[in-house]
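Q: Handing you a structure now.
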Amino acid sequence: MRTLGQNFLVDTRIRDSIVNCAGVRFSDLVVEIGPGKGALTRPLAQRAGVLAAIEVDPVLAHDLRRMFRGEENVHIYQDDILSCDLRELVHEHSAELPKAYRALVVANLPYYITTPILNKLLSNPGLFSAFTLMVQLEVAQKLTAGPGSKGYGELSVRAQYFTEPALLFEVPPSAFDPPPSVRSAVVRMRVRPESPVDADPDVMFSIVGAGYGQRRKTLRNSLLASHLFAGKKDAVAEVLSCASIDGRRRAETLSLEEFAAIARAYVKHKAGEDD
Ligand code: SAM
């Protein structure tokens, strides 16, 4: 089913590199998204304490269950990654592992839902220790881009706030069957144990969303148009000045620390309004 992003990995060297880079240990729980025909599933199952694989295609899920019948550390779920409860899944299997287990995600992602999957993984802080993912090269570049560089945007900010993303290596279309029309790359995203900046994450991501809400507008105008400021020019000016940010800049140039400074200034401004 092409519509399900079914480009199966057939290059065994790339498969081995992914599994090695994921650094799976026998005390780990590995969640694999879209196991497909099991290219990664088999080597992952040999290294992990528990492997839980979520495959939406009923035929593939059925074949995988047969393939892994009798292997007690492998659990195949026929489910949609976007609607399944990852927290419940991890907790369900944690009893089979040592107390200090890590939960890791390893996947050759279905590209048509890359962003919603990444958002789902990033919105479960504390659940996983790291993600090792095959994504489109363009997405890998976005995840790792710095302020002002090509591809830097809302996804970069979210990914870099919650994790430390690294582009490990590029993968040509010939590594898959059928070959996808785009180049791919493997990224590793280590989840940060602590936030890299001092700001309330909800406020900060409201500011980030507002900043990116009006593409090609200056930060001042984007914030002005957002529900956070609802057209109050003085409030925008006060917050930006308190954060020492020039309102003529664009969101794509702001670092995590600068977004955090605006979030802190916004909280201060709100507290002043309420007094
Ligand atoms: N892991 C296999 C490999 O490396 O050869 C297959 C990777 S293929 C790029 C993506 C896999 O994700 C396919 O098996 C596809 O059926 C599955 N998939 C697509 N949408 C999904 C969803 N919403 N939830 C879970 N799996 C999904």
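Laboratory data are not the source of any read-out in this text; all were calculated from the coordinates shown. Here the structure is a predicted model, which means the values were calculated and not measured. Please note: Cβ atoms are built from the backbone with ideal geometry, for glycine as well, and neighbour counts cover all protein chains shown.
Q: Tell me, in nm to one decimal, what length is gained between R192 and E238 on full extension, where the rule is 0.36 nm per residue of separation less the Cα-Cα distance?
A: Difference between extended and current length: 13.4 nm.
Q: With a ≥ b ≥ c taken as the square roots of the eigenvalues of the C-alpha gyration tensor of segment 11-63, please select rounded if a/c is under 1.5 and otherwise prolate if a/b is larger than b/c or oblate if it is not?
A: Oblate shape, in that a/c is at least 1.5 and b/c is the bigger or equal ratio.
Q: Karplus couplings for segment 12-18 from phi (6.51 cos²θ - 1.76 cosθ + 1.60, θ = phi - 60°), rounded to Hz, Gly and Pro as x?
A: Those phi angles translate into 6, 5, 5, 4, 5, 5, 4 Hz.
Q: Let me ask another. Hey, can you grab everything whose amide H is under 5 Å from the amide H of Y77? Only 5+ residues off in sequence or another chain; H modelled, so Pro and N-termini drop out.
A: A53, I54, E55
Q: Let me ask something additional. Calculate for the chain the 222 nm mean residue ellipticity that helices alone would give, adding -39,500 (n - 2.57) per DSSP H run of length 4 or more and normalising by residue count, nearest 500 deg cm²/dmol.
A: -12000 deg cm²/dmol
Q: When DSSP beta bridges are limited to those with both residues in segment 8-191, what percentage is antiparallel, rounded to the nearest 5?
A: For segment 8-191, the DSSP antiparallel bridge percentage is about 45.
Q: At q = 0.08, 0.12 Å⁻¹, what is the log10 ratio I(q)/I(0) for the chain, with the Debye formula run over Cα points and no solvent?
A: Debye curve over Cα of the chain, log10 I(q)/I(0) at q = 0.08, 0.12 Å⁻¹: -0.39, -0.78.
Q: Let me ask something else. Can you tell me the FRET efficiency between F8 and S255 if r is taken as the Cβ-Cβ distance and R0 is 45 Å, rounded to the nearest 0.05?
A: It comes out at approximately 0.70.
Q: Determine which residues of segment 38-65 fall in the zone a paramagnetic label at S123 would reach in this model, i.e. backbone nitrogen under 19 Å from the point 7 Å along Cα→Cβ.
A: What the label zone holds, given the 19 Å backbone N cut-off, is no residue at all.
Q: Which far-off residues, 5 or more places away or on another chain, put their amide H under 5 Å from the one on N7, with H placed in the peptide plane?
A: none
Q: Also, quick follow-up: How much net charge surrounds R248 when only the other residues with a Cβ under 11 Å from the Cβ of R248 are counted, with Lys and Arg +1 and Asp and Glu -1?
A: Net local charge, R248 excluded: +3.
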